[in-house]
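What follows is a single structure, written as structure tokens, with notes after it.
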Amino acid sequence: RDIKISVKHNDPVVMVNAYRQLAAQCDYPLHLGVTEAGPAFQGTIKSAVAFGALLSEGIGDTIRVSLSAPPAEEVKVGIQILESLNLRQRRLEIVSCP
């Protein structure tokens, strides 16, 4: 296939519901993204919630993290989300207990 479909929204709940409906109706590759996710912390949470829900259901082929932060931070967040879902091999995991 030469195309991917993307349905973006700034509300992760709306975005997740839209992708679920789309995935049920077509078999094109889906590009996931929460648009205007916001500042680094807020955008990270929104992206993790939305991507986690969809990717754990097998929905989504590519992701794009959009933050009001340097592009390198967007890449780091995306990698961490994929590693947290065991969709990308972890290099090293540090566990810290109080």
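Whether any residue in the range 86-97 is more than 19 Å from SER6 (Cα to Cα), of a type outside the set (Asp, Glu), part of a helix (DSSP H, G or I) and at pLDDT below 95 is what I want to check. No, the range 86-97 contains no residue that is more than 19 Å from SER6 (Cα to Cα), of a type outside the set (Asp, Glu), part of a helix (DSSP H, G or I) and at pLDDT below 95.
Out of the range 47-75, which residues are at pLDDT 95 or above and charged (D, E, K, R)? Answer for the range 47-75, where residues must be at pLDDT 95 or above and charged (D, E, K, R): GLU57, ASP61.
Residues in the range 7-30 that are touching an Asp or Glu at 6+ places or on another chain (Cβ under 7 Å) and surrounded by 17 or more Cβ atoms within 10 Å (Cβ to Cβ): LEU30 only.
If a residue must be part of a loop (DSSP other than H, G, I, E, B) and either charged (D, E, K, R) or more than 21 Å from ASP11 (Cα to Cα) (or both), how many such residues does the range 64-84 contain?
Here is the first cut: in the range 64-84, the residues part of a loop (DSSP other than H, G, I, E, B) are 65-67, 69-70.
Those still in the list that are either charged (D, E, K, R) or more than 21 Å from ASP11 (Cα to Cα) (or both) too: 70.
Matching residues across the range 64-84 total 1.
The values are calculated or read from the model by the stated rules, or taken from the named source; none is laboratory data. The structure presented is a predicted model; accordingly, all values stated were derived computationally and were not measured. So basically every Cβ, Gly included, is an ideal-geometry build from the backbone, and we count neighbours across all protein chains shown.
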